[in-house]
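Here the structure is laid out as structure tokens; the discussion comes afterwards.
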């Protein structure tokens with residue numbers, strides 16, 4: 001059995017907070033489990049607070065944090081350094097527009113992973129507006145959802161203006 005130190009408890013609390021956020025945002029226990037590389041039963045147990053962190057190694061917590069896009073600094077309660085170029089409202093709106101287009105095209109996250117060729121976590125971060133798009137990835141998204149970049153940009157510009 002793993003010794004549950006204060007540091008492990010802190011890391012587990014951060015992971016559970018993210019799991020709860022994703023579940024509250026509509027992710028299923030199965031999709032969260034698949035992202036983390038665990039079983040649906042494990043996620044269900046964690047959410048019902050039967051057990052979890054006291055049986056999880058710190059190495060596994062690091063793996064879970066990476067799958068959930070949690071910065072290491074946050075996991076160990078250090079100040080999180082801000083990226084040099086934080087995402088703009090337009091970047092966030094573009095992620096929302098891409099998510100809408102994927103939904104309209106009836107494409108699942110797994111379809112996007114298969115067709116675009118990047119990880120599920122990276123795609124989810126782009127669609128959530130927490131990761132930027134490169135030109136190459138935008139091109140792949142456009143081809144996958146069959147929508148031109150100009151259309152995406154106009155929709156994103158309109159959404160960004162509404163969120164300002």
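Every number in this text was worked out from the coordinates using simple rules, so none of it is lab data. Since this is a predicted model, take the numbers as computed values, not measurements. Every residue, glycine among them, receives a Cβ derived from its backbone with ideal geometry; neighbour counts consider all protein chains shown.
Some notes on this structure:
- Contour excess over end-to-end distance, with Cα ends at residue 88 and residue 125 and 0.36 nm allotted per residue: 11.9 nm
- Across segment 6-75 the C-alpha pair distances fall into 5 Å bins from zero in the proportions 4, 18, 33, 30, 14, 3, 0 percent.
- Segment residue 76-residue 17, length gained on full extension (0.36 nm per residue, minus Cα span): 19.8 nm
- Rounded tilt (10° steps) of 149-163 against the dominant C-alpha axis of the chain: 60 degrees
- Restricted to Cα atoms, the chain shows a radius of gyration and a Dmax of 17.6, 55 angstrom.
- Residue 114-residue 149 FRET efficiency (beta carbon distance; Förster radius 22 Å; 0.05 resolution): 0.55
- Only Cα pairs under 8 Å and 6+ residues apart enter the sum, and on that basis the relative contact order of the chain stands at 22 percent.
- Summed over qualifying helices (DSSP H, 4 residues or more, each -39500 (n - 2.57)) and divided by its residue number, the chain shows a 222 nm mean residue ellipticity of -19500 deg cm²/dmol.
- Rg and Dmax, both from the Cα atoms of segment 100-149 and both in Å, are 9.7, 24.
- Most mobile of 45, 18, 140 in a GNM of the chain (Cα contacts under 10 Å): 45
- Label sites at residue 10 and residue 163, each approximated as a point 7 angstrom past Cα along Cα to Cβ, lie 3.1 nm apart.
- Whole-number percent relative contact order across segment 6-75, with pairs defined as alpha carbons under 8 Å at least 6 apart: 40 percent
- With Cα atoms, 0 to 90° folded angle of helix 89-104 axis to the chain main axis: 90 degrees
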